[in-house]
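To start, the structure itself, in structure tokens.
The values are calculated or read from the model by the stated rules, or taken from the named source; none is laboratory data. Fair warning: this is a prediction, and the values are worked out from it, not measured in the lab. Heads up, the Cβs are rebuilt from the backbone with ideal geometry, glycines too, and the neighbour counts pull from every protein chain shown.
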Amino acid sequence: MSEVTLITGGHLLCPWAGLDGPGTLEIIDGQIVAAHAGGVEPGPGAIRLDATGCLVTPGFVDLHVHLGEPGFEHREDLASAGAAASRGGFTTLCPGPESAPVNDHRDLTEALVRRGRELSGVRIRPVAALTRGLRGERLTDMFDLASGGAVAFGDGDRHIADAGLLRRAMEYSRAVGRPLFVWPEDATLVHGGVMHEGSVSTRLGLAGIPAAAEIAAAWRAVVLAEQTGAVIHLGPISTAGAIEALRAGRAKGLTITASVGGAHLHLTDEEIGKAYSTALRVRPPLRPRADVEALRGALAEGLIDTVTSLHRPHSAVEKEVEFDLAEPGMAGLETTLGLVLRLVDEGALTLRRAVEVLTAGARVLGLPEGTLAPGAPADVVVFDPKSKVRVEAESLRSKARNTPFLGQALPGRVAWTLVGGRVIYAAERGEEWP
Amino acid sequence: MRGRRHLLELAALSAPEIEHLLDLADSFGGITQRAIKKVPTLRGRTVVNLFLEASTRTRTSFELAAKRLSADTLSISGGSSSVVKGETLLDTARNLAAYQPDIIVLRHRHAGAPHLLAANIDASIVNAGDGAHEHPTQGLLDLLTIRQHKRRIDGLKVAIIGDIAHSRVARSAIVGLSRLGAQVVVCGPPTMLPPGIEALGCTATLCRDEAVADADVVMMLRIQKERLSEELFPSDREYARRYGLDSATLRKAKPDCLVMHPGPINRGVELEPAVADGPQSIILDQVTNGLSVRMAVLYHCAGGGEA
């Protein structure tokens, strides 16, 4: 007997499937079957979700997350990451390889995919290490890792110093058929920096990371992509200079996608000056207002493809310390939808583009999900974009509290999140649903 | 914590607040001239000197200041603390706070460490130097010393020469001097001039002679070799020639120009010995004034005087 779910009364919005209007989404056995313009009479046994007043969109896809597991379970684990993701509307998470042990081996990739789905409820699609042990010396067995479920390759936030190695990796990746992730940050220019280098770092006496660290690495990646014809993903980026490199690469017809962190579209380095808050120590570092504006423009125009949570959970152990000693990163799975919708409220993005940037990760990676087209896996999120949710330490489902948005009310209240047609998050009507 | 008076940075103080602390320091200066150099002002109060980075002069100055005010003092320095055993700064401070000290004086190698304590510990926090951020009592003693010699700060031209990028002394001096109306010029090799320094209230130049020309005060900074993790200038010899202060260069300043240095001096690098020990040098006055400034700050943070 088939399992039928109908999501009724909502506004279907999916740029990839060309949907933008009221209708009913019909899901059978975990797959999207049809989007009906009108209502549909539910047959016996069908599950009906009333989405009145809500948007019905594809589940969100996040290209840069840390899950805590394996190795850092005090920060996050698969279950808590899944709980946070589903509350934030994310249905596919791409964890970077910087776990302990490093994800440079097929066994670990497979275990992450399998256990991830069981324990988190969402789809875990790992980005495997490009070099063994992230040492930047020898390539991993990329075909083998891809067979095990790796959707892309990269050394996470580690800089690959050897340009010759990066060139060979890009060449090889063409045969593997998976994009290569480049985190553009030249470690030799970072040189111990802990925030953006500029008048604020100077005033605070904190060591700066020049914008050139990102821009130089971005140009290098673009030049090598042109040399090799590789498909690369540049990101996360945070500077106007990296956008120029991206624009130049696109103009040459190269296949380069890019991502930006949700917080980087709002916060500037000025914020750190208020009280050295370690929640604001992130990679890439928060930049000045001009960069934030450039990022917003590039996102709206389509140059930057997707927004990532850059979810990096940390406990008090990593954050209740001096700014210099704090681990970089902020938790983001439960705030990214709100930050993107805030851009809509501020007139920086259309609602349609907002949904696009939250789901485009699937296009970057060539995944079947991230669309409401018939035949796609039924990864769906139903949310009220107008209703606001206060970010509170007590109600976060992540283990981590390292977000600078605590106490703020962000737009976008998720009512239901479905993965493969199964409801994995339902806001309790009493508390979460007005 | 709220309700406590801290001294975290001069950047947080207005001109009248700075003037008030200088006036207080002047009045405490008289005590140092007496035969019996102790007053009962802070009797029964506890001052913890938490010095987690090597320091001789600032630590001794704070210790003596607290003792002259009759406070009970507890001094902890980097080597003897649990920090070396892996305890975090906050845990160390929380343990000390369990004794209910009134004031914790913190010297720390990381910028913003005093702010971390101020937000989490129930005591007044006095910054005795945090990384490359600020050294507010040094800034105050520099201001006091200049004011005593020149009778004013407003309108003076002050040149600050050396490693501006890594200097907390420079940051406090720039902020304090500009707030009181001085014209501040900073100077150093480009590798030691941090971006956006002008926002603190100064102009910047690469040319030493331009900085020194017609200056009322020249403040030389220490080259902190122990802190430099990368090559910022080729050699001591080249530095001394281009950015050190010798008698010939000093003649380009006003005839009564004062020469200052926060110490300890690298003789022959940033300062020619003849200049360091010459009649225009007021380096030892700085040390003496350090004591009265720290007495004033402790008194102020313990709740004395008008805010």
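General observations
- The stretch A:283-311 - residue that is crowded, with 24+ Cβ neighbours inside 10 Å and of a type in the set (A, V, I, L, M) and, of those, nearest to A:Leu339 (Cα to Cα): A:Val307
- Residue within the stretch A:181-188 that is within 11 Å of chain B (Cβ to nearest Cβ), under 28 Å from A:Glu137 (Cβ atoms), crowded, with 17+ Cβ neighbours inside 10 Å and at pLDDT 95 or above present: no
- Residue match in the stretch A:198-208 (condition: farther than 29 Å from B:Leu10 by Cβ and within 14 Å of chain B (Cβ to nearest Cβ)): no
- Top-ranked residue in the stretch A:379-400 [being of a type in the set (Lys, Arg) and more than 21 Å from A:Val122 (Cβ to Cβ); ranked as surrounded by the fewest Cβ atoms within 10 Å (Cβ to Cβ)]: A:Arg390
- Some residue of the stretch A:209-217 being among the charged types (D, E, K, R) and either within 14 Å of another protein chain (Cβ to nearest Cβ) or surrounded by fewer than 22 Cβ atoms within 10 Å (Cβ to Cβ) (or both): no
- Qualifying residue in the stretch B:180-189 (condition: within 14 Å of another protein chain (Cβ to nearest Cβ), surrounded by fewer than 22 Cβ atoms within 10 Å (Cβ to Cβ) and not in a strand (DSSP E or B)): no
- The stretch A:309-334, residues that are assigned to a loop (DSSP other than H, G, I, E, B), within 14 Å of another protein chain (Cβ to nearest Cβ) and among the aliphatic types (A, V, I, L, M): A:Val321, A:Ala326
- One residue stands out among those in the stretch B:190-223 that are surrounded by fewer than 14 Cβ atoms within 10 Å (Cβ to Cβ) and closer than 19 Å to B:Glu272 by Cβ: the one that is nearest to the other protein chains (Cβ to nearest Cβ), which is B:Cys207.
- The stretch A:229-276: number of residues that are within 14 Å of chain B (Cβ to nearest Cβ) and more than 20 Å from the chain's Cα centre (by Cα): 8
- When A:Gly329, A:Gly361, A:Gly366 are screened for being at pLDDT 95 or above, surrounded by fewer than 21 Cβ atoms within 10 Å (Cβ to Cβ) and out of contact with any Pro (no Cβ under 7 Å at 6 or more places or on another chain), only A:Gly366 passes.
- Residue satisfying condition, being crowded, with 23+ Cβ neighbours inside 10 Å and more than 20 Å from the chain's Cα centre (by Cα), within set A:Leu78, A:Leu93, A:Leu166: A:Leu166
- Any chance B:Gly112 is within 14 Å of another protein chain (Cβ to nearest Cβ) and small (Gly, Ala, Ser): yes
- Filter pass, A:Val222 being assigned to a helix (DSSP H, G or I), surrounded by 24 or more Cβ atoms within 10 Å (Cβ to Cβ) and at pLDDT 95 or above: yes
- Index of the failed condition, B:Thr88 passing every other in (1) within 14 Å of another protein chain (Cβ to nearest Cβ); (2) of a type outside the set (Lys, Arg); (3) crowded, with 18+ Cβ neighbours inside 10 Å; (4) over 19 Å from B:Leu10 (Cα atoms): (3)
- Residue in the stretch B:132-164 that is farthest from the other protein chains (Cβ to nearest Cβ), counting only those that are surrounded by fewer than 24 Cβ atoms within 10 Å (Cβ to Cβ) and free of Cβ contacts under 8 Å to residues at least 60 places away in the same chain: B:Arg151
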